[in-house]
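K.L.:
For reference, the structure I am asking about is given below.
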Amino acid sequence: TASYLGWFGYSLDLFNYPTHYSGDLDCVIIPHGVIMDRTERLARNIMDDLGDHDIVVLCVLKGGYQFCADLVERIKALSRNSNHTIPMRVHFIRLRSYLNDQSTEDLHILGAEDLSFLAGKGIVGTGKTMETLLQHVKAFKPKMIKVAGLLVKRVQHSLASVPDYVGFEIPNRFVVGYALDYNEYFRDLNHICIISESGKKKYKV
């Protein structure tokens, strides 16, 4: 496989993945099992920091739905088996900003018109959380805001804020799988992979 910033991704031959994506991927960079282990550790970190707080989980659709579901399940499991519990609700919002593999300036926030129920609550945001969304949420005066992001791209001179809870740092490549899409394709891929140039052309709109 190709080298990205000095690291070689895992060969696709080592893993099961949908055959309809043959030729559309360069390599696996995070296998599904590793994602599950890391998500369990993030859940434990969140429990340690926020246990006994009344929190609302803001899941950013569509790319964040799988991470959010798995993270919430692990927090619930820890909460069931501990005296240290988190009363928790989940709310869904949607950001739309990508065209093909490029982020656009035209950011739409759907489902966030009235978040008044956040007042006085702690928030854990998951998914593609962006500064625009954070500013919108702050207007409803929550008690605290924490951001959990499965992926942070390794970008030089980036001014973007780093999530409070980070799953993995990855090369600055366009990745798909584990609910992350390219024009709605690849959400059914369990592993996080780097899309190939031929895959980009195949599914371009």
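The values are calculated or read from the model by the stated rules, or taken from the named source; none is laboratory data. Small disclaimer: the values here were computed from a predicted structure and weren't measured. Note that each Cβ is placed from the backbone with ideal geometry, even for glycine, and that neighbours are counted across all protein chains shown. For accessibility, only protein heavy atoms count, side chains too; no ligands or nucleic acids. Shrake-Rupley method; radii C 1.70, N 1.55, O 1.52, S 1.80 Å.
K.L.:
If we scan region 186-194, do we find a residue that is without any contact (Cβ under 8 Å) to a residue 24 or more places away in the chain, more than 13 Å from the chain's Cα centre (by Cα) and open to solvent by 70 Å² or more (accessible area, probe 1.4 Å)? If you could, list the steps in order and put the result at the bottom.
P.N.:
The initial filter retains those residues of region 186-194 that are without any contact (Cβ under 8 Å) to a residue 24 or more places away in the chain, namely none.
No - not one qualifying residue is present in region 186-194.
K.L.:
While we're looking at this one, here's another question. With respect to A77, is the statement that it is more than 17 Å from G177 (Cβ to Cβ), under 21 Å from the mean Cα position of the chain (by Cα), in a helix (DSSP H, G or I) and assigned by the TED database to the domain that holds V166 true? If you could, list the steps in order and put the result at the bottom.
P.N.:
On the way: more than 17 Å from G177 (Cβ to Cβ): yes; under 21 Å from the mean Cα position of the chain (by Cα): yes; in a helix (DSSP H, G or I): yes; assigned by the TED database to the domain that holds V166: yes.
Yes, satisfied.
K.L.:
Looking at V124 and the list (1) at pLDDT below 60; (2) in a loop (DSSP other than H, G, I, E, B), which single condition is not satisfied?
P.N.:
Here V124 meets the rest and fails (2).
K.L.:
Looking at region 175-185 only, could you name the residues that are of a type in the set (F, W, Y) and either in a loop (DSSP other than H, G, I, E, B) or open to solvent by less than 10 Å² (accessible area, probe 1.4 Å) (or both)? Spell out how you get there, then give the answer.
P.N.:
Filtering region 175-185 for residues of a type in the set (F, W, Y) gives 178, 182, 185.
Within region 175-185, Y178, Y182 qualify.
K.L.:
Those residues that are closer than 20 Å to P142 by Cβ and not in a helix (DSSP H, G or I), I need them from region 32-74; list them, please.
P.N.:
Hits for region 32-74 are G51, D52, H53, D54, I55, V56, V57, L58, C59, V60, L61, G64.
K.L.:
Against the definition (in the same structural domain as I192 (by the TED database) and in contact (Cβ under 8 Å) with a residue 24 or more places away in the chain), how does D70 come out, yes or no? It would help to see each step written out before you state the result.
P.N.:
On the way: in the same structural domain as I192 (by the TED database): no; in contact (Cβ under 8 Å) with a residue 24 or more places away in the chain: yes.
It is false that D70 is in the same structural domain as I192 (by the TED database) and in contact (Cβ under 8 Å) with a residue 24 or more places away in the chain.
K.L.:
Could you check N190 against (1) part of a loop (DSSP other than H, G, I, E, B); (2) at pLDDT 85 or above; (3) more than 25 Å from Y21 (Cα to Cα); (4) not hydrophobic (A, V, I, L, M, F, W, C) and say which number it fails?
P.N.:
(3)
K.L.:
Now for a different question. Looking only at residues in region 1-50 that are of a type in the set (G, A, S) and within 22 Å of the chain's Cα centre (by Cα), which one is modelled with the lowest pLDDT?
P.N.:
Step one: of region 1-50, the residues of a type in the set (G, A, S) are 2-3, 6, 9, 11, 22-23, 33, 43.
Keeping just the survivors that are within 22 Å of the chain's Cα centre (by Cα) gives 9, 33, 43.
Details: G9: 89, G33: 97, A43: 94.
Per the criteria, the residue is G9.
K.L.:
Given the conditions (1) of a type outside the set (G, A, S); (2) modelled with pLDDT of 60 or more; (3) buried (at least 19 other Cβ atoms within 10 Å of the Cβ); (4) under 23 Å from R44 (Cα atoms), and given that L95 satisfies all but one, which numbered condition is not satisfied?
P.N.:
(4)
K.L.:
Shifting gears a bit: Can you find a residue that is modelled with pLDDT under 55, surrounded by 17 or more Cβ atoms within 10 Å (Cβ to Cβ) and over 25 Å from Y203 (Cβ atoms) anywhere in region 100-116?
P.N.:
Yes: one or more hits.
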